[in-house]
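The values are calculated or read from the model by the stated rules, or taken from the named source; none is laboratory data. None of the values given here were measured: they were computed from a predicted structure. As a convention, Cβ positions derive from the backbone with ideal geometry for all residues, glycine included, and neighbour counts pool all protein chains shown.
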Amino acid sequence: MIAAVLLCVLLCGCAAEKQKTCYYMNTVMDLQVWGNDADEAIYRIEQLLEDLEHKWSVTKSDSVTSRLNAGENVALSDEEIAFLAEVQTLSERTDGAFDPKLHALSNVWGFYFGQNQADDFVLPTDEQIAAALTEEKWDFGAAVKGYAGRQAVSILEDLRVQRAVLNLGGNIQTYGEKADGTPWQIGIQDPNGGDYLGVLSVSGTMAVVTSGDYQRYFEVDGNRYHHILDPQTGYPADSRLRSVTVVCADGVTADALSTALFVMGLEQSAEFWRNSSDFEAVFVTDTGEIYATESATLSGCTFEVISSEK
Ligand code: AMP
Ligand code: MG
């Protein structure tokens, strides 16, 4: 009898699925982990999220970001220096469409404090926008959740858990293979709030990151002002896209590129993709059309394929 009970616990332990909903980086997150050390993995991932939020928050006054922005001399660890270098490289790679120094600009638009209600926002004047564009202050908001996904993968690897799906506020990080060997299925959100538009299938450890104009915005006189800003104009990117989803083996790249491609728009993004080899993408336009790059495994919707041939 005792032997039978022990065996049952071990077997259940092997296949254990642990789930936790939590709130970090101003967004709801959902952690699902399968494996013997699932509890420990969730505990460590939460520690990581707390740590990254504390370190890279643009609104907390004692974060590394705020201290750098205040012009303080900050003793950075090698890992922190590497992250700063990495976001700068991604900014160069995207010709500045991803710009990690837009803090002053996001601030004049009120995006740090508003909660999608017009009352919280005031339209900045052209002078305020021009002045904000000259200030180079860090904001890692477009890459830090991807960074969290990447670091979480290291924790999952260390603990050798079986598999995991982490939803870090719309940044999905998968880890390992599904039990039945079929791919993970990730829904592309409808920007108008309806059902999923289509489903992306991905295998193994992958980051699937969406940037969309519906994630944070306000409306004045029927115009939508959203949180993805065009560093060239200082205004919300007017690229005729509603969302961009990037699938990439690396979380930071996926996160930075989803923001950058949203700013670039469809044509420029297609060209950028043709000159790259590390990601696939799905685009939803403001007229509701869906475009997917050649090797994106999208199903459940009608879409145009962006081919590697021009
Ligand atoms: P994401 O949701 O990943 O596309 O990131 C959007 C967030 O990144 C915004 O809330 C801003 O904090 C910041 N941001 C806005 N526009 C840009 C941009 N063009 N490049 C980099 N960060 C940006
Ligand atoms: Mg991003």
## Note on the structure
Of the candidates Leu229, Leu257, the one satisfying the condition of being buried (at least 19 other Cβ atoms within 10 Å of the Cβ) and within 20 Å of Leu298 (Cβ to Cβ) is Leu257
### Task
Out of the residues in region 205-226 that are polar (S, T, N, Q) and buried (at least 22 other Cβ atoms within 10 Å of the Cβ), state the one that is farthest from ligand 1 (Cβ to nearest atom).
Thr210
### Task
Could you tell me whether Asp278 is under 17 Å from the mean Cα position of the chain (by Cα), surrounded by fewer than 19 Cβ atoms within 10 Å (Cβ to Cβ), away from ligand 2 (no atom under 16 Å from the Cβ) and not hydrophobic (A, V, I, L, M, F, W, C)?
no
### Query
Name the pairs whose Cβ atoms lie under 6 Å apart, with the first residue in region 148-176 and free of Cβ contacts under 8 Å to residues at least 40 places away in the same chain and surrounded by 22 or more Cβ atoms within 10 Å (Cβ to Cβ), the second hydroxyl-bearing (Ser, Thr, Tyr) and assigned to a helix (DSSP H, G or I), and 6 or more positions between them or separate chains?
none
#### Entry: Check on Ala148, in a strand (DSSP E or B), within 16 Å of ligand 2 (Cβ to nearest atom) and among the aliphatic types (A, V, I, L, M)
no
### Query
Taking region 50-108 as the region of interest, how many residues are within 14 Å of ligand 1 (Cβ to nearest atom), without any contact (Cβ under 8 Å) to a residue 60 or more places away in the chain and among the β-branched types (Val, Ile, Thr)?
3
### Query
How many residues are of a type in the set (A, V, I, L, M, F, W, C), more than 30 Å from Ala164 (Cα to Cα) and within 16 Å of ligand 2 (Cβ to nearest atom) when one looks only at region 201-240?
2
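Yes or no, residue by residue, for (1) closer than 18 Å to Lys145 by Cβ; (2) touching a strand residue (DSSP E or B) at 6+ places or on another chain (Cβ under 8 Å):
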residue	(1), (2)
Leu197	no, yes
Val202	yes, yes
Met206	yes, yes
Tyr225	no, yes
Ile228	yes, yes
Thr233	no, no
Ala237	no, yes
Leu257	yes, yes
### Number of the exception - Asn107 against (1) crowded, with 18+ Cβ neighbours inside 10 Å; (2) assigned to a helix (DSSP H, G or I); (3) modelled with pLDDT of 95 or more
(3)
### Query
Which one of Thr253, Thr182, Thr259, Thr245 is away from ligand 2 (no atom under 16 Å from the Cβ) and among the polar types (S, T, N, Q)?
Thr182
### Summary
Flagged in region 118-173 as more than 17 Å from the chain's Cα centre (by Cα) and among the acidic types (Asp, Glu), in numbering order, are Asp119, Asp120, Asp126, Glu127, Glu135, Glu136, Glu157, Asp158
### Message
Under 8 Å between Cβ atoms, which residue pairs at least 6 apart in sequence (or on different chains) link something in region 253-265 that is β-branched (Val, Ile, Thr) with a partner that is within 8 Å of ligand 2 (Cβ to nearest atom) and outside any helix (DSSP H, G or I)?
### Response
Thr259/Phe98; Thr259/Ala142; Thr259/Ala143; Thr259/Ser211; Val263/Phe98
### Task
Report yes if some residue within region 235-244 is more than 11 Å from ligand 1 (Cβ to nearest atom), more than 15 Å from Leu90 (Cα to Cα) and among the aromatic types (Phe, Trp, Tyr); otherwise report no.
no
### Query
Which helices (runs of 4 or more DSSP H) sit wholly inside region 1-99 and have at least 1 residues that are at pLDDT 95 or above and surrounded by 14 or more Cβ atoms within 10 Å (Cβ to Cβ)?
38-56, 64-69, 78-93
